[in-house]
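Data first, discussion second: the structure below is written as structure tokens.
The values are calculated or read from the model by the stated rules, or taken from the named source; none is laboratory data. Here the structure is a predicted model, which is why all the values come from computation and not from measurement. Because the Cβ atoms are built from the backbone with ideal geometry, glycine has one as well, and the counts that use them run over all protein chains shown.
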Amino acid sequence: MTKLSTKHLLGIKDISVNDINLILTTAESFKEVINRPIKKVPSLRDITIANLFFENSTRTKLSFELAEKRLSADVVNFSSSSSSVKKGETLIDTVNNILAMKVDMVVMRHPNPGAALFLSKHVDAKIINAGDGAHEHPTQALLDAFSIKEKLGSIKGKKIAIIGDIIHSRVALSNIFCLQKLGAEVMVCGPTTLMPKYVNSLGVKVEHNLKKALEWCDVANMLRIQLERQEIKYFPSLREYSMLFGLNKELLNSLSKKIIIMHPGPINRGVEITSDVADSDQSIILEQVENGVAVRMAVLFLLAGRN
């Protein structure tokens, strides 16, 4: 199979295992490309891609831009740093602008869950969800899966713990869907206040003791505390959170086995993870960043229907 079964990438929940495997396999080829002296291929030479970021983003935006340029696409960047963007009217205005510009693909990050789906119903362009509120972030889950597979050889049967701010995390939700589809066992770990009410319906193990979660897993994916999404206090202080759920070198070294450490970034160093852990040989955080470009190249290439 060389074609995705879907026209858009709106979330991991909506795509098949075959789609995920095709993206990961294609990303392997693109990883070779980005490690060559000449890192560009003409695959999307006549394709125009608009990056619409209605929410701040450094890593994802740069990663997509780099992926687009490596594929020789024409790139248009919109950014709206205003947080008062409301879904209805502003998105429709944006839609009309995109249609007028004859854009082929749109990469969009938006604070409202479902914004990418909404756009896909109103625009004749391929839509890639680069994060919609606390809902999904499909390309992050794909690059995380790619990074685990690269390090461990496969994902099936592996134990992955996602640790931290689960309730606000689109990364957690997309990762859970993706890892389960690929046959991994998933555990979420964090304070009770940072667990969503529907957590038990996701088919994951739930743990509130960090040491137990780390002893159980092969891979620990440490999530950032998303203070910008927290209107109320979910825990007494960052210091207390760090004491109970922060990963430091002493704790890492006390485990009975070596585990892999991941982080979707940006890292709050000293809160969810200390610098000596982030920079240790067990961390694959920088590999995740590199793999992000290869995975996003694969997604853009496949959605454009190029063979």
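Side notes on the structure shown:
- Test for residue 265: is it in the same structural domain as residue 170 (by TED's automatic domain parsing), of a type outside the set (D, E, K, R) and at positive phi: yes
- For region 129-163, the set of residues classified as surrounded by fewer than 23 Cβ atoms within 10 Å (Cβ to Cβ) and under 15 Å from the mean Cα position of the chain (by Cα) consists of 133, 134, 135, listed by residue number.
- Residue pairs whose Cβ atoms lie under 6 Å apart, separated by 6 or more positions or on different chains, with the first residue in region 142-167 and under 12 Å from residue 179 (Cβ atoms) and modelled with pLDDT of 95 or more and the second assigned to a strand (DSSP E or B) and among the small types (Gly, Ala, Ser), are 161/220.
- Members of region 13-35 that are surrounded by 17 or more Cβ atoms within 10 Å (Cβ to Cβ), over 20 Å from residue 117 (Cα atoms) and charged (D, E, K, R): 31
- Residues satisfying the stated conditions in region 89-140, i.e. β-branched (Val, Ile, Thr) and over 24 Å from residue 199 (Cβ atoms): 90, 92, 94, 95, 98, 103, 106, 107, 123, 127, 128
- Sub-7 Å Cβ pairs linking a first residue in region 53-67 that is modelled with pLDDT of 95 or more to a second residue that is among the small types (Gly, Ala, Ser), at least 6 apart or interchain, are 60/130; 60/131; 63/292; 64/130, ordered by first then second residue.
- Every condition in (1) among the acidic types (Asp, Glu); (2) at pLDDT 95 or above; (3) closer than 22 Å to residue 132 by Cα is met by residue 228 except one, and the failing one is (2).
- Candidate set: region 164-211, residues that are closer than 25 Å to residue 237 by Cα and of a type in the set (Asp, Glu); chosen: the one farthest from the chain's Cα centre (by Cα): 207
- Residues in region 247-285 that are at pLDDT below 95 and over 20 Å from the mean Cα position of the chain (by Cα) were compared, and the one that is surrounded by the most Cβ atoms within 10 Å (Cβ to Cβ) is 271.
- When residues in region 10-56 are screened for being in contact with a helix residue (DSSP H, G or I) (Cβ under 7 Å, 6 or more places away or on another chain) and either under 21 Å from residue 183 (Cα atoms) or in a loop (DSSP other than H, G, I, E, B) (or both), 16 of them pass.
- Unmet requirement for residue 117, which otherwise passes all of (1) touching a Leu at 6+ places or on another chain (Cβ under 9 Å); (2) in a helix (DSSP H, G or I); (3) under 20 Å from residue 62 (Cβ atoms): (3)
- Note on region 168-200: among residues that are modelled with pLDDT of 95 or more and in contact with a Phe, Trp or Tyr (Cβ under 7 Å, 6 or more places away or on another chain), the one that is surrounded by the fewest Cβ atoms within 10 Å (Cβ to Cβ) is 187.
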